[in-house]
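Undergrad: Pasting a structure below so you can have a look.
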Amino acid sequence: MDIMFSSYFTGLSLMASLIMPIGMQNAFVLNQGIRRRHHLLVASFCSMADVFFMSLGVWGGAQLFSTYPWLLYSISVLGSGFMLVYGYQCLQRAWQGKSQFARGEAKHELKAIILACCAFTFLNPHVYIDTIVILGGFAANISTEHRPMFVAGGISASFLWFFSLALLGAKLAPWLARPRAQQVIDGVIGLMMFGLAGYLLKFVFG
């Protein structure tokens, strides 16, 4: 029983250390919370994606990138392209003082948010590195019967983190959803997207 709990808290702490640093996915979840635009759906999507990728990594998926290294490079190139476009849109909104989802119910808003979720998740190489490569590699040292508890710990960390971000953003919305504050947030996110895109391109071509 002690080993089972140890496996659970190992997965919890390892996943928490991997997902807590601010990245493009975290920034998107937090900003949707601030805008109060389907933020719980966004948190659920990101968490469920982690469930899939963690399970894939722990039960053999880590070999995928070893066998086909070009996959991660392709994801990085596509992800960097998406981040450049998204970063440009954020900087454009910051410059013009407009917020994409602040004008009532935008047409096709839910569809746009789901597509953005997919892009921030499936075109984010850090998701694959964290869940499949690192967690999958770590799980190789854990006995088969204890791996479900290890995965359960990682899943708990993911759900706690993403829902905390979404709810924190919604809680801070009265202050951070003001036009001037949103301009600053869009500007910071835009610059961060450009920086992350540059980092990914350096990873691919460096």
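What follows draws every value from the coordinates through simple rules; no lab data is involved. Since we're looking at a predicted model, the values are computed, not measured. Note that each Cβ is placed from the backbone with ideal geometry, even for glycine, and that neighbours are counted across all protein chains shown.
Undergrad: With θ taken as phi - 60° and the coefficients 6.51, -1.76 and 1.60, list the Karplus ³J(HN,Hα) couplings across the range 77-86 in order, rounded to whole Hz; mark glycine and proline as x.
TA: 5, 5, x, 5, x, 4, 5, 5, 5, 5
Undergrad: Just to verify a number: FRET efficiency for Tyr73 and Ser17, C-beta to C-beta distance, R0 = 25 Å, to 0.05?
TA: So the FRET efficiency works out to roughly 0.50.
Undergrad: If we restrict to alpha carbons, what Rg and Dmax does the chain come to, in Å?
TA: Spelled out, the Cα radius of gyration and Dmax of the chain are 17.9, 58 Å.
Undergrad: Considering the options Val127, Trp161, Val184, tell which one lies farthest towards the positive end of the dipole of the chain, charges being +1 on Lys and Arg and -1 on Asp and Glu at the Cβ, about the Cα centre.
TA: Val184
Undergrad: Where does the chain land at 222 nm, in deg cm²/dmol rounded to the nearest 500, when only DSSP H runs of n ≥ 4 count, each adding -39500 (n - 2.57), divided by all residues?
TA: For the chain, the value works out to -26000 deg cm²/dmol.
Undergrad: For the pair Trp59 and Ala173, what calculated FRET efficiency results from E = 1/(1 + (r/R0)^6), where r is the Cβ-Cβ distance and R0 = 41 Å, to the nearest 0.05?
TA: About 0.55, to the nearest 0.05.
Undergrad: Calculate one ³J(HN,Hα) per residue across the range 44-56 by plugging θ = phi - 60° into the Karplus curve 6.51 cos²θ - 1.76 cosθ + 1.60, and present them in order as whole Hz with x for glycine and proline.
TA: Working through the residues one at a time gives 5, 4, 5, 5, 5, 4, 5, 4, 5, 5, 5, 4, 4 Hz.
Undergrad: Something else now. Estimate the FRET efficiency between Trp95 and Met48 by the formula 1/(1 + (r/R0)^6), using the beta-carbon distance for r and 25 Å for R0, to the nearest 0.05.
TA: After rounding, the FRET efficiency stands at 0.10.
Undergrad: For helix 147-176, what angle does its Cα long axis make with the longest principal axis of the chain, in degrees from 0 to 90 and rounded to 10?
TA: Once rounded, one gets 10 degrees.
Undergrad: For Leu110, put the label point 7 Å out on the Cα→Cβ axis and report which residues of the range 20-41 keep their amide N under 17 Å from it.
TA: Answer for this model: 36-41.
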